[in-house]
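The values are calculated or read from the model by the stated rules, or taken from the named source; none is laboratory data. Being a predicted model, the structure only gives us computed values, none of them experimental. Glycine also receives a Cβ, built like all others from the backbone with ideal geometry; neighbour counts cover every protein chain displayed.
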Amino acid sequence: MKPLLRFGRRRSSWELDDASAIAAVEFRRGDGHDLSLSAYEVKAHDADELRARTIQVYTEHAASFLGTPPNGIRPLDLSGLRAPVATAGSTLFQYANGCHREMHLASDADLLRLVEQVKREFACRAMEEVPASAMLDYACEQLRARDPEWVAATTPPQNANAWLGLVAKRRKKATPPRQD
Amino acid sequence: MTESASAVEFASAFTPMESESSSTIGATIYDWAQAFQRAVVCMPSVPRSLVRISEAKLTQLASERPHSLLALIEKNALGAADLTFAAEIAGTIDDWTRVVPLLTRLLLHASPVVREGAVYGLVRHADRVPAVRATIRSAIAGLLGVEGSPGVRAAADDALVLLDDQL
């Protein structure tokens, strides 16, 4: 399986009836719409590997770009809608960068057509929920294992994202005190 | 909240302090004049145009003029697509006496994306102000009892796990 994962902004967006209302939440850039949709093409042999890779790539994305802790998400599989273009990702992580793709849309009208199609096919495009705690646990585990990319990402001056402080607190809480 | 909030009352939230210039909020005065005009140049009895505002500007407001952001939310000046992000970002403002009641009210908003944004805002706020975690937990648990949107329910379930982790 090789879904093209798009990480949404709100889990309830696709419950809205109006395509333009959905686009205003899910595909916003500045005061307008984002017409270069960022997505991640993840390869996996089975559902377990897909879930693990989804958590990995979203947590890496969040650690690189989000100033606040990642919310839980319900990723969408956008494969087959438009031809994805492999573009160099700008995360702090090699895996996420390697998976990064963009879908280029021609206009706002093109975006709205895409939104309408996704809404019609939502039941088969919506993937399994990923809770916020799974992403915090993943980050915590990578730090515990001293993953060099995570260590670098959380070492000044790279650690501009305040939410990584939460990961440190969670890790501390999960680590039993040393018996000296 | 109603659509007929007084324009005069709303305008007062945007009156710059004497020490402020347009550059304080990082936007051209033209941008703000436009937003201001869309928001307030109407009679109270006429449906008001909604302010469109980017997340970058909402974040900047939260940091530099937090009470202006709270006023935008309180006066119902934003559409649902902006309000959901405004609610989340408002959670980073330290004034819990205004933030918690305001976001708790938004848990009852008609739009599910706004209710979801309010959940995220409350969780952000609990991270910053530990003293209100129990109050916020109670509000979100209460939402779960009545919430009909699967997306908002998932967000609220998620929030309770994070809050319980912190309590």
Inset, instruction - Kindly state which helices (runs of 4 or more DSSP H) lie completely within segment A:1-114 and contain at least 2 residues that are more than 14 Å from every other protein chain (Cβ to nearest Cβ), in contact with a helix residue (DSSP H, G or I) (Cβ under 8 Å, 6 or more places away or on another chain) and of a type outside the set (Val, Ile, Thr). - result: A:47-65, A:94-99
Inset, instruction - Tell me which of these B:Leu108 doesn't satisfy, since it passes every other one: (1) surrounded by fewer than 24 Cβ atoms within 10 Å (Cβ to Cβ); (2) more than 14 Å from every other protein chain (Cβ to nearest Cβ); (3) in a helix (DSSP H, G or I). - result: (3)
Inset, instruction - Output yes when any residue across segment B:89-100 is crowded, with 21+ Cβ neighbours inside 10 Å, within 10 Å of another protein chain (Cβ to nearest Cβ) and not in a helix (DSSP H, G or I), and no when none is. - result: yes
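How many residues are surrounded by 13 or more Cβ atoms within 10 Å (Cβ to Cβ) and under 14 Å from A:Val42 (Cα atoms) when one looks only at segment A:76-86? Don't jump to the end; show me each part of the working.
Our first condition is that a residue be surrounded by 13 or more Cβ atoms within 10 Å (Cβ to Cβ); within segment A:76-86, this holds for A:76-79, A:81-82, A:84.
If we keep only those that are under 14 Å from A:Val42 (Cα atoms) too, we end up with A:76-79, A:84.
Total satisfying the criteria: 5.
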Legend entry - segment B:123-167: number of residues that are facing chain A (nearest Cβ under 9 Å) and either touching a Cys at 6+ places or on another chain (Cβ under 7 Å) or within 12 Å of A:Pro69 (Cβ to Cβ) (or both): 8
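Would you call B:Arg105 within 13 Å of the chain's Cα centre (by Cα) and modelled with pLDDT under 95? Please lay out each step first, then the result.
On the way: within 13 Å of the chain's Cα centre (by Cα): yes; modelled with pLDDT under 95: no.
No.
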Legend entry - helices (runs of 4 or more DSSP H) wholly inside segment A:116-180 that include at least 3 residues being modelled with pLDDT of 70 or more and surrounded by fewer than 14 Cβ atoms within 10 Å (Cβ to Cβ): A:122-125, A:148-153
Legend entry - Answer residue from segment A:92-115, given it is over 23 Å from A:Asp48 (Cα atoms) and free of Cβ contacts under 8 Å to residues at least 12 places away in the same chain and is surrounded by the most Cβ atoms within 10 Å (Cβ to Cβ) among those: A:Arg113
Legend entry - segment B:118-157 - residue that is in a helix (DSSP H, G or I) and charged (D, E, K, R) and, of those, surrounded by the most Cβ atoms within 10 Å (Cβ to Cβ): B:Arg124
